[in-house]
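Worksheet: one structure, shown below.
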Amino acid sequence: MPHYRRVGDVPRKRHTVHAAPNGDGRYLEELMGSEGFRGPSSLLYHRHSPSALLRIDEGPIERTCLVPNRPLRPHHLRTGALDNDTADDPVLGRVVVLGNDAVTISSVRAHESSPLYRNATGDELVYVHAGEARLESVFGALDVAPGDYVVIPAGTTHRWVLDGELTLLVLSARGHVGVPERHLNGAGQLLEGAPFSERDQRAPTETLAVDGEAVPVLVRTRDGLSVHVHATHPFDVVGWDGCLYPWAFSIHDFEPITGRVHQPPPVHQTFEGPNFVICSFVPRKVDYHPLAIPVPYNHHNVDSDEMLFYTGGNYEARKGSGIEQGSISLHPGGFTHGPQPGAVERSIGIEAFDELAVMVDTFRPLDLCDAGLECEDPGYAWTWARTAPATGVDTATG
Ligand SMILES: [Fe+2]
């Protein structure tokens, strides 16, 4: 969880008059709080009313596409082949590939800046696969680069400002995303043994204090997109303080935990959300027992579906499977998966892996989207058996 932060011009006491300079009226206070104001919150000071709307419209209609993973099978989706043919920005240009009632996972390849936007259904966790951009919000600006995770709290009005191609993996949660409890002490500080520290977390350092005209803001709710036309630009904040704000953390700052023998996936845990967790697999020295097998054993996480997004290096256990950078693999509950043939033998005696991957383990099954299935590698399910689908096998049960 991010810690207390104070940026810009805030009054000495909360809930008191905050006079603008030169007798130019007073600033307007907004409490932005989570979990019924018992969770993390911040106080923001606006030049103009954040509630003043000039118009309310329906937003663009988004297609619902999710279908169950039936008959149950592992999948390999080549997201590098995906494009949104109706929009080219990080908000409307998303292509949903997987999802359930806890999280929606989208792939984005964008070239244009986004409209102003806020997600009222939950936090968004955005992973930057390629490209650089600036996230502007009511809290200020954050520059992001490849390898950055960006946590955008629910209700944060923001926009992505692009200067070139940007490729993202976007997780839209139905709730809040934060640092795993297992990495925190009782005071909420990251433990000495955690794989990252507060110094690795970045957040806005100054406000934008925009004094602009009326602007439309896209608002996402459970039922789709609406458009609120604000009377004045929402980035008019002159100061804020609190524990709720967008922040970034680079996967390259994740310090891997290794051992003499294979370490279980939870040592790679980076974030947790409602009914899902995120793990980071980063370049690391690997297991140093003289007989260690560094790639994972066959495994079946019976309560989870496991999605991996391959973002750099060469993932050791998947070599020979056709997995490439930008690929997504889905290994669902009900299916035991393990290293591809030959990976165990190749890994014995290896001292380091160069892989870089983001894993999402969901505690409920993930559905698939037809857009994602369009970039599916149809041979992936058979790569462990090294064969084409069997014919002439009686599949009758009993
Ligand atoms: Fe796995």
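The values are calculated or read from the model by the stated rules, or taken from the named source; none is laboratory data. All values derive from a computational prediction rather than experimental measurement. A quick note on method: Cβ atoms are made from the backbone with ideal geometry, for glycine too, and the neighbour counts reach across all protein chains shown.
Scanning segment 288-306 for residues that are buried (at least 21 other Cβ atoms within 10 Å of the Cβ) and either more than 30 Å from Val150 (Cβ to Cβ) or hydrophobic (A, V, I, L, M, F, W, C) (or both) yields Pro294, Val295. No other residue among Ala292, Ala317, Ala357, Ala343 is within 12 Å of the ligand (Cβ to nearest atom) and more than 22 Å from Val97 (Cα to Cα) apart from Ala317.
Yes or no: Leu190 surrounded by 16 or more Cβ atoms within 10 Å (Cβ to Cβ), more than 19 Å from the chain's Cα centre (by Cα) and closer than 25 Å to Val103 by Cα? Taking the combined requirement at face value, the residue does not satisfy it.
With respect to the conditions (1) over 23 Å from Ser280 (Cβ atoms); (2) in a loop (DSSP other than H, G, I, E, B); (3) away from the ligand (no atom under 15 Å from the Cβ), Ala371 falls short on a single one, namely (2).
Inspect segment 180-196 for any residue being in a helix (DSSP H, G or I) and touching a helix residue (DSSP H, G or I) at 6+ places or on another chain (Cβ under 6 Å) and give the result as yes or no. No.
Of all residue pairs spaced 6 or more apart or on separate chains, those with beta-carbon atoms under 7 Å, a first member in segment 182-211 that is free of Cβ contacts under 8 Å to residues at least 40 places away in the same chain and a second member that is exposed (fewer than 12 other Cβ atoms within 10 Å of the Cβ) and not polar (S, T, N, Q) are Asn185/Leu191; Leu190/Glu198. Filtering Pro365, Pro378, Pro389 for residues that are closer than 18 Å to Ile323 by Cα, of a type outside the set (Val, Ile, Thr) and assigned to a loop (DSSP other than H, G, I, E, B) leaves a single hit, Pro378.
Considering only segment 1-102, give the strands (runs of 3 or more DSSP E) lying wholly within it that have at least 1 residues that are buried (at least 20 other Cβ atoms within 10 Å of the Cβ), more than 23 Å from the chain's Cα centre (by Cα) and modelled with pLDDT of 95 or more. So that I can check it myself, show each step before the final result.
On the way: elements: 5-8, 28-33, 41-46, 53-58, 75-78, 95-99.
Qualifying strands (runs of 3 or more DSSP E): 5-8, 41-46.
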